[in-house]
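Presented below is the structure to which this report refers.
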Amino acid sequence: MGFSDKALGGLMLVTAAFVFTYYTLWALILPLLPADSNFHNKFPPREWAVRIPAALLLVGLTGIGGILGVVMMKEAKKQREKRALKSA
């Protein structure tokens with residue numbers, strides 16, 4: 001039993017809003033607070049605010065490139081087969 005489109009969209013919106021708020025606090029607001037603040041204990045070290053998005057970008061672009069490569073190879077194979085049938 002799957003979610004309806006509205007429920008899935010709402011869940012995705014809430015998740016995106018939470019991630020945006022958390023990351024904004026972590027990367028933009030946290031450096032403005034004093035270093036001895038207890039608020040710093042609730043977040044990972046700040047260098048991960050750069051490493052995690054960079055890693056996600058790398059994985060995402062690699063995945064997109066891989067999918068495009070597979071699609072291009074399948075299309076080329078179809079065109080070769082079509083040309084072979086026409087010439088035969």
Next on the checklist: Go through the stretch 54-69 and report how many residues are farther than 21 Å from Tyr22 by Cα and open to solvent by 70 Å² or more (accessible area, probe 1.4 Å).
Outcome noted: 7
Checklist entry - How about the stretch 23-43: which of its residues are open to solvent by less than 80 Å² (accessible area, probe 1.4 Å) and within 20 Å of the chain's Cα centre (by Cα)? => result Thr24, Leu25, Trp26, Ala27
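Given the residues Arg83, Arg51, Arg46, which is the only one that is at pLDDT 95 or above, surrounded by 10 or more Cβ atoms within 10 Å (Cβ to Cβ) and of a type in the set (D, E, K, R)?
Values: Arg83 fails: at pLDDT 95 or above; Arg46 fails: at pLDDT 95 or above.
Every option except Arg51 fails the conditions.
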Checklist entry - Among Phe39, Phe18, which is out of contact with any helix residue (DSSP H, G or I) (no Cβ under 6 Å at 6 or more places or on another chain), part of a helix (DSSP H, G or I), modelled with pLDDT under 95 and of a type in the set (Phe, Trp, Tyr)? => result Phe39
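The values are calculated or read from the model by the stated rules, or taken from the named source; none is laboratory data. Quantities reported herein were computed from a predicted structural model and do not represent experimental measurements. Ideal geometry is used to build each Cβ from the backbone, glycine not excepted, and the neighbour counts take in all protein chains shown. When the accessible area is computed, the model is the full protein with side chains, heavy atoms only, and any ligands, DNA or RNA have been set aside. Shrake-Rupley method; radii C 1.70, N 1.55, O 1.52, S 1.80 Å.
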